[in-house]
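Colleague: Could you have a look at this structure, given as structure tokens, before my questions?
The values are calculated or read from the model by the stated rules, or taken from the named source; none is laboratory data. All values reported here derive from a predicted model rather than from experimental measurement. Reconstructed Cβ throughout: ideal geometry from the backbone, glycine too, with neighbour counts over all protein chains shown. For the accessible areas, the whole protein counts, side chains as well, though only heavy atoms, and no ligand, DNA or RNA atoms are used. Shrake-Rupley method; radii C 1.70, N 1.55, O 1.52, S 1.80 Å.
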Amino acid sequence: QVQLVESGGGLVQAGGSLRLSCADSKSILSINAMGWYRQAPGKQRELVAIITGGGSTNYVDSVKGRFTISRLYAKNTVYLQMNSLKPEDTAVYYCWGNAGMEYWGKGTLVTVSS
């Protein structure tokens, strides 16, 4: 059973940076793709960034050049480095992983003040 636990959210001023982490602390399964989604108030959940088992990455256009996703494969851990944060980045950020089936973390709140 995969259990994804996020950390690193918080309150930051516009232009600042945060680093989100997500680790699977329970499983010995190998997770293929991992990524981050976010959901802002009143909006649908959207994919922010994804990294495959082979290391390929993809980002939503609104974060390209500002966010970087990376992984520590041996520990089923994924990171999201967020720079030049904007108020519109405010959302609950969810970790996602695919290990034959999909798994989700409970989310961590990121609030960017103007």
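Colleague: Which of (1) in contact with a Phe, Trp or Tyr (Cβ under 9 Å, 6 or more places away or on another chain); (2) of a type outside the set (Asp, Glu); (3) open to solvent by less than 40 Å² (accessible area, probe 1.4 Å) is the odd one out, the single condition GLY10 does not satisfy?
Modeller: Failing condition for GLY10: (1).
Colleague: Return yes or no: is LYS75 touching an Asp or Glu at 6+ places or on another chain (Cβ under 9 Å), open to solvent by 40 Å² or more (accessible area, probe 1.4 Å) and not small (Gly, Ala, Ser)?
Modeller: In short, yes.
Colleague: Right, something else. In region 44-72, which residues are among the charged types (D, E, K, R) and farther than 17 Å from GLY9 by Cβ?
Modeller: ASP61, LYS64, ARG71
Colleague: Just for region 89-114: of the residues that are under 15 Å from TRP36 (Cβ atoms) and among the aliphatic types (A, V, I, L, M), which one is most open to solvent (accessible area, probe 1.4 Å)?
Modeller: Checked region 89-114; the qualifying residue most open to solvent (accessible area, probe 1.4 Å) is LEU109.
Colleague: Another question, if that's okay. (1) of a type outside the set (Phe, Trp, Tyr); (2) over 17 Å from GLN3 (Cβ atoms); (3) touching a Cys at 6+ places or on another chain (Cβ under 6 Å): which one isn't true of CYS95, the others all being true?
Modeller: The single condition CYS95 does not satisfy is (2).
Colleague: Can we say VAL12 is within 25 Å of GLU88 (Cβ to Cβ) and more than 16 Å from the chain's Cα centre (by Cα)?
Modeller: Criteria met by VAL12.
Colleague: Quick one: in region 15-28, of everything that is over 16 Å from GLY105 (Cα atoms) and of a type in the set (A, V, I, L, M, F, W, C), which residue is nearest to the chain's Cα centre (by Cα)?
Modeller: Among those that are over 16 Å from GLY105 (Cα atoms) and of a type in the set (A, V, I, L, M, F, W, C), it is LEU18.
Colleague: Let me ask you something else. Based on what the data block shows, is LYS86 free of Cβ contacts under 8 Å to residues at least 12 places away in the same chain, over 19 Å from LYS106 (Cα atoms), open to solvent by 60 Å² or more (accessible area, probe 1.4 Å) and among the charged types (D, E, K, R)?
Modeller: Criteria not met by LYS86.
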